[in-house]
Each structure stands twice: as C-alpha cells, then as structure tokens.
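Please see the structure below; I have some questions.
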Amino acid sequence: MSNTRDDILSAVLKRACGYSAQETVEEYAVVDGTLELVKRRVTTKDVPPDMTAAKMIFDRGDVSDLTDEQLEAERRRLLDELKAE
C-alpha cells in the first residue's frame, strides 16, 4: 500500500512542477490490400505547473521529496503568478 501512496505523491509532484509529454499519432491506409503506416507524427507537449497540485503538496506539509531546485522553481513560479494578478 505504501507503494501506491508514493506513486500518487510522485504523480502530484510531477503535476505541480510541470512536465513534457510526447504524443504519437499514426495514420494507416490500405495499400495493395495490406494495411501500411502512411504517416507518423510525434509532438512534444509541455504541461505547465498546476497550482492546485502544488497547494496539495504544501498543505500536506511534506515537501521533503522536493529538491532544492524544485522548491526554488516553485517559489519563483508562485511569485510570478502573484505579480501577474
């Protein structure tokens, strides 16, 4: 059960800090009676940090899993967000 809890915390942390994800779209067509790949498109999508996920982590009071760099990046991001408002 501890592993599931760690997995969830890891997923929330990933969402709180933002991440990049690759998406692959493949198109197939019937050519000479066989199904062949005609087009493959790979795109990288940047998922921005999520304030709700960051709040969940900080409200929980357990930020020991965050590196100093991640904490600093989150601090800068939150300050920028406050300035924008």
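Restricting to the stretch 37-50, what's the tally of residues that are over 27 Å from residue 80 (Cβ atoms) and either among the β-branched types (Val, Ile, Thr) or open to solvent by 80 Å² or more (accessible area, probe 1.4 Å) (or both)?
Going through the stretch 37-50 one residue at a time, the tally reaches 5.
Would you check if residue 25 is open to solvent by 70 Å² or more (accessible area, probe 1.4 Å), in contact with a strand residue (DSSP E or B) (Cβ under 9 Å, 6 or more places away or on another chain) and modelled with pLDDT of 90 or more?
It is false that residue 25 is open to solvent by 70 Å² or more (accessible area, probe 1.4 Å), in contact with a strand residue (DSSP E or B) (Cβ under 9 Å, 6 or more places away or on another chain) and modelled with pLDDT of 90 or more.
Then there's this: Is it true that some residue in the stretch 6-22 is assigned to a strand (DSSP E or B) and among the polar types (S, T, N, Q)?
There is at least one residue in the stretch 6-22 that is assigned to a strand (DSSP E or B) and among the polar types (S, T, N, Q).
Could I ask something else about it? Has the stretch 61-77 got at least one residue that is modelled with pLDDT of 80 or more, exposed (fewer than 10 other Cβ atoms within 10 Å of the Cβ) and outside any helix (DSSP H, G or I)?
The answer is no; no qualifying residue exists.
The values are calculated or read from the model by the stated rules, or taken from the named source; none is laboratory data. Given the structure is predicted, the values throughout are model-derived calculations rather than measurements. FYI the Cβ positions are ideal-geometry reconstructions off the backbone, even for glycines, and counts take in every protein chain you see. What goes into the accessible areas is simple: the full protein's heavy atoms, side chains included, and nothing from ligands, DNA or RNA. Shrake-Rupley method; radii C 1.70, N 1.55, O 1.52, S 1.80 Å.
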